[in-house]
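**Student:** Sharing a structure below in structure tokens format, with a few things to ask.
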Amino acid sequence: MIRKKLDIAYTEYSSMDELEHADRELALAAVKAMENSYSPYSHFHVGAAVRLSDGTIVSGANQENAAYPSGLCAERAAMFAAGSMYPDRDMLSIAVAGGPGGKLAGEPATPCGACRQVMAQYQLKSGHPMSVLLVSDSRIWKFDRVDDILPFIFDSI
């Protein structure tokens, strides 16, 4: 038996002011997208924004449904919109912001497993890393690639 260890590196910022312009713009788009959340059951608003290879930003918000699990997470709403509207453009980065009642949470909201797998699929499709920004009111976590939030990515290609 061999015991192994997995290390994950990420950068933590204490405010949006510390982010590079492109990352700040994407994070603010994710926060803005929270306004479009339809979350009458969880009351947890989530917004996501994806930056495409040409600089276009596509946003999405979580959409809940009484017939759970018929709703959709913000991350997948944004990525599926980008993938269907701009199928020839790669997704370079995604930002996610969330919190109760439409206000940013104290800790970054992390994507569910299904959203992480969809991120991984678009990263694989593009052939290059897709960065992930997780935004809260007190800190922002930046991961350089989806692999850092989903080690051992499933790939059937």
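What follows is calculated from the coordinates using simple rules that are stated; it is not laboratory data. No experiment lies behind these values; they were computed from the predicted model shown. Glycine also receives a Cβ, built like all others from the backbone with ideal geometry; neighbour counts cover every protein chain displayed.
**Student:** Taking Cα centroids, how far is the range 74-125 from the range 17-54 in Å?
**Tutor:** One Cα centre to the other: 9 Å.
**Student:** What is the calculated FRET efficiency for Thr11 to Cys112, with r their C-beta to C-beta distance and R₀ = 25 Å, to the nearest 0.05?
**Tutor:** 0.65
**Student:** Next up: Return the inverse of the average 1/r over all pairs of distinct C-alpha atoms in the range 5-72, which is the Kirkwood hydrodynamic radius, in Å to one decimal.
**Tutor:** 13.9 Å
**Student:** Right, here's the next one. Would you mind ranking Phe143, Phe154, Phe44 by Cβ crowding within 10 Å, fewest neighbours first?
**Tutor:** Listing Phe143, Phe154, Phe44 from fewest to most nearby Cβ atoms yields Phe154, Phe44, Phe143.
**Student:** Averaged over every viewing direction, what's the projected area of the C-alpha convex hull for the chain? Give it in nm², one decimal, please.
**Tutor:** Dividing the Cα hull surface by four gives the mean projection, 10.7 nm².
**Student:** Follow-up. What's the extension gain from Lys4 to Ile153 if we count 0.36 nm per residue and subtract their Cα-Cα distance?
**Tutor:** 51.9 nm
**Student:** Tell me, what is the FRET efficiency for Ala22 and Arg139 to the nearest 0.05, using R0 = 22 angstrom and their Cβ-Cβ distance as r?
**Tutor:** Using R0 = 22 Å, I get an efficiency of 0.70.
**Student:** Take peptides 108-118, 1-11 and line them up by average Cβ neighbours within 10 Å, highest first, as a rough protection proxy.
**Tutor:** Descending mean neighbour count gives 108-118, 1-11.
**Student:** Moving on to the next point. Counting helices only, and only those DSSP H runs with n ≥ 4, report the 222 nm mean residue ellipticity of the chain as the sum of -39,500 (n - 2.57) divided by its residues, in deg cm²/dmol to the nearest 500.
**Tutor:** Result for the chain: -8000 deg cm²/dmol, rounded to the nearest 500.
**Student:** For the range 89-157, just run the numbers: alpha carbon Rg, then divide by 2.2 N^0.38 Å, N being how many residues it has.
**Tutor:** 1.15
**Student:** What GluC sites (Glu not before Pro) does the range 1-97 have in DSSP loop regions with at most 16 other beta carbons within 10 Å?
**Tutor:** When the GluC sites (Glu not before Pro) of the range 1-97 are filtered for loop state and at most 16 Cβ neighbours within 10 Å, Glu20 remain.
**Student:** Could you tell me whether the range 67-113 comes out rounded, prolate or oblate from its Cα gyration tensor? Rule is a ≥ b ≥ c as square roots of the eigenvalues, rounded for a/c under 1.5, then prolate if a/b exceeds b/c, otherwise oblate.
**Tutor:** oblate
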